[in-house]
Amino acid sequence: MFTFRQWKEFCEEVISHQNDRASFSRADELLIDNSLSPKIVIKHDVEANIDLAKKTAEIESDLGIRSTYYVHSFFLDSKDDADTLRYIQSLGHEIGYHYDVLDIYDGNYDEAEKAFANDLKRFEREGIKVSTICPHGNPLKKRDGWNSNKDFFKDSSIRSRFSHLFDIVNDIKVTKYENNSYISDAGYQLKLIGNVRDNDKKGVLGDKVIGKEELLDILNSSELTIISVHTHRLSNKYLDLFFKKKLFFTARIVATKLRRVPVFSLLMNKMFTLSKRF
Ligand SMILES: [Zn+2]
């Protein structure tokens, strides 16, 4: 989607714009800030590459931007990766939990909740304060009885047991920001997401590919604009980005075709975590 240089330029453009109207906020600050001034939240889903997240965090920190990094709990298995998360946090960014427990436990809410609670404790033990969370997609996962990981935090009893957490996808409508816009780099294009909470269901409002001018219009008109970018898709060089994009689109075409063959569909379901690499 972006090289690091392009991301820096993009941030600089948003900064020059925000001086006119809106200010940057981390996701956790939306809950504690009582002013109703327009806000821009940059959030990142980190997926499988923490080094690219670290580089992004440094670029943003140099520009004076504090953003929110949603990370999977498997990074806590490595001391080096946990150190990197604490380093990103020390730059002023927020570390949030990118959860996919409902997919991992095949729709078993009890098992998913135990793992979720355990992961929160692990983050805490590592000195990482999780206040906000974000569901992960897993496009290869076969599901029967749940639409996506979003359903985990839509469950009212689970929601009530974690009332101190804010889900940037599920809870956005309950903030004071009724007029909000969610922009994502889904599919390597900037898109205005029609209904971020329910777009895992059929028949909901579609997404719209947007350009820079439209983005600036959105920043002008929304009380809250969330810009969601996957750090594992950022690249050092334009050529790397070109090949990443090619690999992503080829993998998507192959996966769509193979899914129609039952044996491959089952195999892909078993290997659903692989999509975190693309
Ligand atoms: Zn994700």
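The values are calculated or read from the model by the stated rules, or taken from the named source; none is laboratory data. Everything numeric in this text was worked out from a predicted model, so none of it was measured. Reconstructed Cβ throughout: ideal geometry from the backbone, glycine too, with neighbour counts over all protein chains shown.
In the set (1) more than 19 Å from the chain's Cα centre (by Cα); (2) surrounded by fewer than 23 Cβ atoms within 10 Å (Cβ to Cβ); (3) touching a residue at least 12 places away in the same chain (Cβ under 8 Å), the condition left unmet by N138 is number (1). Among the residues of region 150-164, just one is buried (at least 19 other Cβ atoms within 10 Å of the Cβ), within 27 Å of E223 (Cα to Cα) and not charged (D, E, K, R), namely F153. Within the option set F162, F152, being modelled with pLDDT of 95 or more, more than 16 Å from the ligand (Cβ to nearest atom) and of a type in the set (A, V, I, L, M, F, W, C) holds for one residue only, F162. Take I15 and decide whether it is surrounded by fewer than 23 Cβ atoms within 10 Å (Cβ to Cβ) and in contact (Cβ under 8 Å) with a residue 40 or more places away in the chain. Taking the combined requirement at face value, the residue satisfies it. Being within 16 Å of the ligand (Cβ to nearest atom) and part of a helix (DSSP H, G or I) is the filter here, so list the residues in region 40-84 that pass it. Answer for region 40-84, where residues must be within 16 Å of the ligand (Cβ to nearest atom) and part of a helix (DSSP H, G or I): I50, L52, A53, T56, S73, F74, F75.
The residues in region 37-73 that are under 22 Å from N138 (Cα atoms) and of a type in the set (D, E, K, R) can be counted, and the count is 4. Scanning region 94-116 for any residue that is in contact (Cβ under 8 Å) with a residue 40 or more places away in the chain, more than 15 Å from the ligand (Cβ to nearest atom), of a type outside the set (D, E) and on the phi > 0 side of the Ramachandran plot turns up nothing.
Scanning region 165-203 for residues that are hydrophobic (A, V, I, L, M, F, W, C), surrounded by 13 or more Cβ atoms within 10 Å (Cβ to Cβ) and modelled with pLDDT under 90 yields a count of 3. Among all residues of region 206-218, there is none that is touching a helix residue (DSSP H, G or I) at 6+ places or on another chain (Cβ under 7 Å), without any contact (Cβ under 8 Å) to a residue 12 or more places away in the chain and assigned to a helix (DSSP H, G or I). Before we move on, is I15 in contact with a Gly (Cβ under 9 Å, 6 or more places away or on another chain) and among the hydrophobic types (A, V, I, L, M, F, W, C)? When the stated conditions are applied, I15 passes them.
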